[in-house]
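We did not get these values from a lab; they are worked out from the coordinates using the rules stated. Since this is a predicted model, take the numbers as computed values, not measurements. Glycine also receives a Cβ, built like all others from the backbone with ideal geometry; neighbour counts cover every protein chain displayed.
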Amino acid sequence: MLDYRTVIENDIVTLYSQSEESSPDMIVASLPVTSILDRFNGGEWDYQSDVALELMMAWLTTHPEGQAVGDIRFFRWLVAHVWIIEQREKHNGNAIFKLENSPMILPLFLSTECSTLENNVEGALIERFGHEQGLKNAASFYWQMLTGFPGQGAALSDFGREVMFDLHRDFIEEGLPQMATNKPRVMH
């Protein structure tokens, strides 16, 4: 198992890993703090959860204390990430969604989940309230989908699980066009 540590100097985050106590630190990533969310949104660490979480935590430490996080990409990624973790735990390590009485299984990918949230939650709120207010409402909506457990990190709230379950149930029952699996991600 790798141990990670981050160092932030001059607005550059450097993530180091160490595989054994006596082994030297290896640089995993070194990048400007300001590029972290763009790179998350681009899917750069979709298959490296440990690295992604370390970099997200580093990004959060640079956020002004007492100021609410307002970047929709943070919330979207966190909700999608936590949903996939919870589904993996539920399905013996497999990132899938399955209804009890359905033979259909949906594989879950972080990029697809982020696109799903962006298109179905953010898109609906932007359409109804306009771009700026819609994104504020989406951030608030995502915040309500999450809950925290001291020492354990974030989890989906009951509301969050219900929203994600309903989205995925609808994909199975009505088809998959809402998931936009072949569409590129839109940067907000």
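How high is the relative contact order of segment 72-180, given as a whole-number percent (alpha carbon pairs under 8 Å, six or more residues apart)? Walk me through the numbers on the way to the answer.
Values: 113 pairs, mean separation 30.5, N = 109.
28 percent.
Computed over segment 3-62, relative contact order equals 30 percent, with contacts defined as Cα pairs under 8 Å that lie 6+ residues apart. The eigenvalues of the Cα gyration tensor, multiplied by 5 and square-rooted, give segment 25-107 an equivalent ellipsoid with semi-axes of 29, 16, 11 Å from largest to smallest. For the chain, the membrane-span-like helix rule (DSSP H, alpha carbon extent of at least 20 Å along the helix axis, mean Kyte-Doolittle at least -1.0) picks out 72-90, 131-145, 158-174; this says nothing about an actual membrane. Under a point spin-label approximation (7 Å from Cα along Cα-to-Cβ), what is the THR147-GLU20 distance to one decimal in nm? Those two pseudo-labels are separated by 4.3 nm. Karplus-based coupling profile of segment 101-108, in residue order and whole Hz: 9, 10, x, 7, 10, 9, x, 10, with θ = phi - 60° in 6.51 cos²θ - 1.76 cosθ + 1.60 and x standing for Gly or Pro. Per-residue extension of 0.36 nm, minus the Cα-Cα distance of MET104 and ASP170, leaves a gain of 22.5 nm for this segment.
In terms of its Cα atoms, the chain spans 53, 40, 34 Å along the principal axes, sorted from long to short.
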